[in-house]
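Below is one structure, written out as structure tokens; comments come after it.
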Amino acid sequence: LDGAVAEARAAVQTKRCRIVSVQGRGDALVTVDGATKRLRLTGDWARAELRAGARGHLVPWAAVGEPCVTPQTLPDEITIDQASPYFWVACPEIFVSPTAVVAATACERRAWLTSTGGSSGGSSKPAALGAAKHA
């Protein structure tokens, strides 16, 4: 199973990260492929809690079918925002499906999520953002 996970990760160019130290809200030093980079989460992404020693994944939007230009190499400073070619997955060891999250909460946007495919496992950028905001 580990081989299959590694193969899938390579196919979508997911970058596995470990948080080395937290500099402030949404700001941390991470190791990626053996190199130390600065990770800055802005906007809604800054709500994610960053903890030293925790893992996270940088996933290209192309992995969920969104057109984007994914850089060949990561810059020394990685900013995650609405225009970024990547999104941040905190604590990838814990996966909670969007459907489970919506079912477990009293969400006033449930009807909208259902009508747009956001709670049915859709793979669009809006569905992924909606799932992240409801996690």
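Laboratory data are not the source of any read-out in this text; all were calculated from the coordinates shown. Remember, predicted model here, so these are calculated numbers, not experimental data. All Cβ positions, glycine included, derive from the backbone under ideal geometry; neighbour counts span all protein chains shown.
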Once the cut-off is 18 Å, how many percent of the Cα-Cα pairs in the stretch 47-92 end up in the long-distance tail?
32
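Ranked highest first by the average count of other Cβ atoms within 10 Å around their residues, in what order do 29-41, 60-72 fall? Each step should come with its number before you reach the end.
Numbers: 29-41: 15.5, 60-72: 13.4.
By packing density, highest mean first, the sequence is 29-41, 60-72.
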